[in-house]
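Everything below concerns the one structure shown next.
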Amino acid sequence: MEDTQAMRIVLSNSRAEGSKVLNSLKAATALNKVDVFTKISAVNKIDAKGRISIPASFRNVLEFQGYSGVYLFPSFTSNAIDGGGLELINQISESVERMQLFAEETDALSTALFADTYNLSYDQDGRISLPESLIEHANLKDKAIFVGQGRKFQVWNPYHFEEFKEKVRAKALEHRNLIGPVENNRMKAEEID
């Protein structure tokens, strides 16, 4: 009888421990969901001092990456501002480090990437002050929209973004076969070139 009661206590404790482990796994899974920038934010106002609020969901990703600030730089492919956290800046840095150290192309890319990168902290309301050079590059006036792109995000003039979105949807549809396992993507990308 005592053995049966002891067994019940052990099973009860095991269920409680199992439940704790399950809840921990659920919490970890939920946290992993904030590891990338997703969605398009509402249109945010830029005040007279050039301050704008970073969407809360984007700040959550930045803080999950261990940084309560943001890296911003002019986009190479559009009139927008590219942004991200520690993961993005580390990925860019590692990519440059894999290039030949003293090659002109390495210097050019490194300068283009890092010389115009701003490391900005946001205040308690989630606002940053956009540098004038970034405002000019993205042709921002009094409003901007944040667009999640996975490991990075972009800041756009809302009107220019609508035009861009139409173009990229058509392009994405045309190249949808590139989505799949990484090994297959490399081969398909080489076939397109």
Problem - For E136: the one exception among (1) touching a helix residue (DSSP H, G or I) at 6+ places or on another chain (Cβ under 8 Å); (2) surrounded by 10 or more Cβ atoms within 10 Å (Cβ to Cβ) - result: (1)
Exercise for the section: Might you let me know whether segment 148-156 holds any residue that is touching a residue at least 40 places away in the same chain (Cβ under 8 Å), open to solvent by 60 Å² or more (accessible area, probe 1.4 Å), more than 28 Å from R169 (Cα to Cα) and not aliphatic (A, V, I, L, M)? Expected result: no
Exercise for the section: Examine segment 29-39 for a residue that is at pLDDT 90 or above, basic (K, R) and under 19 Å from I145 (Cα atoms), and state whether such a residue exists. Expected result: no
Practice task
Take segment 58-99 and flag every residue that is closer than 13 Å to I128 by Cβ and of a type in the set (K, R).
Solution key: R59
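The values are calculated or read from the model by the stated rules, or taken from the named source; none is laboratory data. This structure is a prediction, so every number in the text was calculated from the model and none was measured. With ideal geometry, Cβ positions are generated from the backbone for all residues, glycine too; neighbour counts draw on all protein chains shown. Note: areas computed on protein heavy atoms with side chains; ligands, DNA, RNA excluded. Shrake-Rupley method; radii C 1.70, N 1.55, O 1.52, S 1.80 Å.
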